[in-house]
Amino acid sequence: MDWADKKHDFCLWDEASQTTESGRIEHRPEVLHEWICKLRGRYEGQRIAVGLEQSRGGLIHLLMQYEFIVLYTINPATSARYRKTWKTSRAKDDPSDAVLLMELVRDCRHKLKAWYPEDDQTRQLILLTEHRRKAVNLRVKLTNALRSVLK
């Protein structure tokens with residue numbers, strides 16, 4: 001899944017039928033949730049591997065909530081090198097990046113580190129720690145702004 005601020009391009013590989021399916025999803029929690037529920041129903045009882053070029057952010061936190069999703073966070077440099085292998089023009093667009101991420105997960109999954117959901121307490125601790133970090137950053141920003149005004 002190639003993520004962006006307002007939409008996400010995806011490329012889905014169906015192992016059973018050996019076919020791909022591509023599309024675009026709006027970056028709205030209710031739209032993403034509906035799409036994920038459809039995937040759950042379509043592949044009932046199976047784990048779904050999702051490759052993303054990010055290790056934090058709204059999309060990954062949303063996907064972390066679903067126990068049947070196995071996340072593979074892919075380093076952007078890895079996908080860039082993989083892209084360069086097949087596109088010497090270095091052309092980049094979101095739909096083709098989604099295909100490249102799908103191929104990386106499909107073909108090189110054994111070399112990638114999978115992220116599995118932690119227990120509820122660990123997830124809560126991660127969210128609280130992230131909230132604390134944002135609060136500290138805000139305090140520093142406001143203190144610096146106040147100090148600047150006073151000078």
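The values are calculated or read from the model by the stated rules, or taken from the named source; none is laboratory data. Quick caveat, the model's predicted, so the values are computed rather than measured. All Cβ positions, glycine included, derive from the backbone under ideal geometry; neighbour counts span all protein chains shown. Surface areas here come from the heavy atoms of the whole protein model, side chains and all, with no ligands, DNA or RNA. Shrake-Rupley method; radii C 1.70, N 1.55, O 1.52, S 1.80 Å.
Please count, across region 1-127, the pairs of lysine residues with Cα atoms under 22 Å apart that sit 8 or more places apart or on different chains. All intermediate terms of the calculation are to be shown ahead of the outcome.
Details: LYS6/LYS38; LYS6/LYS92; LYS7/LYS38; LYS7/LYS92; LYS84/LYS92; LYS84/LYS111.
Lysine pairs meeting both conditions in region 1-127 amount to 6.
Give me, ordered by chain and number, the residues 5 or more places off PHE68 or on other chains with an amide H under 5 Å from its own placed amide H.
For PHE68, no residues qualify.
List the longest stretch of the chain that has no exposed loop site; here a site is one of the GluC sites (Glu not before Pro) assigned by DSSP to anything other than H, G, I, E or B, with at most 14 other Cβ within 10 Å.
Working: sites that count: GLU15, GLU44, GLU67, GLU118.
The segment 68-117 is the longest one with no such site.
Per-residue ellipticity at 222 nm for the chain, helices alone: DSSP H runs ≥ 4 residues times -39500 (n - 2.57), over residue total, nearest 500 deg cm²/dmol? Mind dumping the intermediate values first?
Numbers: 5 runs with 78 residues, N = 151.
Taken over the chain, the calculation gives -17000 deg cm²/dmol.
Can you list the residues, at least 5 places off or on another chain, whose amide H is less than 5 Å from the amide H of GLN54, using H built in the peptide plane?
Here the answer is ILE74, since their amide H atoms fall under 5 Å of that of GLN54.
Going 7 Å from the Cα of LYS141 along its beta-carbon direction, which residues of region 33-65 have the amide nitrogen within less than 17 Å of the resulting point?
The answer is 57-58.
Where does helix 94-108 land angle-wise versus the long Cα axis of the chain, in degrees 0 to 90, nearest 10?
Rounded to the nearest ten degrees, it is 70.
LYS7's amide H: which non-local residues (gap 5+, or another chain) put their own amide H closer than 5 Å, with H modeled 1.01 Å from N in plane and none for Pro or chain starts?
Under 5 Å from the amide H of LYS7 lie the amide H atoms of HIS27, each far enough along the sequence or on another chain.
Explain nothing, just compute: Karplus ³J(HN,Hα) = 6.51 cos²θ - 1.76 cosθ + 1.60, θ = phi - 60°, for every residue of region 4-19 in order, whole Hz, x for Gly and Pro.
For region 4-19, the Karplus-derived couplings read 8, 5, 10, 7, 10, 8, 10, 9, 9, 9, 9, 4, 5, 8, 6, 10 Hz, x marking Gly and Pro.
How large, in percent, is the carbon and sulfur part of the accessible surface of region 21-87 at a probe radius of 1.4 Å? Show your work: numbers first, answer last.
Details: 2020 of 3960 Å².
On region 21-87, the fraction of accessible area on carbon and sulfur atoms equals 51 percent.
Please compute the per residue accessible area over region 1-88 with all protein chains in place, 1.4 Å probe, rounded to a whole number of Å². Spell out each step's value before the answer.
On the way: 5270 Å² over 88 residues.
Ligands and nucleic acids excluded, the figure is 60 Å² per residue.
Roughly what angle does helix 76-86 make with the longest principal axis of the chain, taking Cα atoms, 0 to 90 degrees, to the nearest 10?
Once rounded, one gets 30 degrees.
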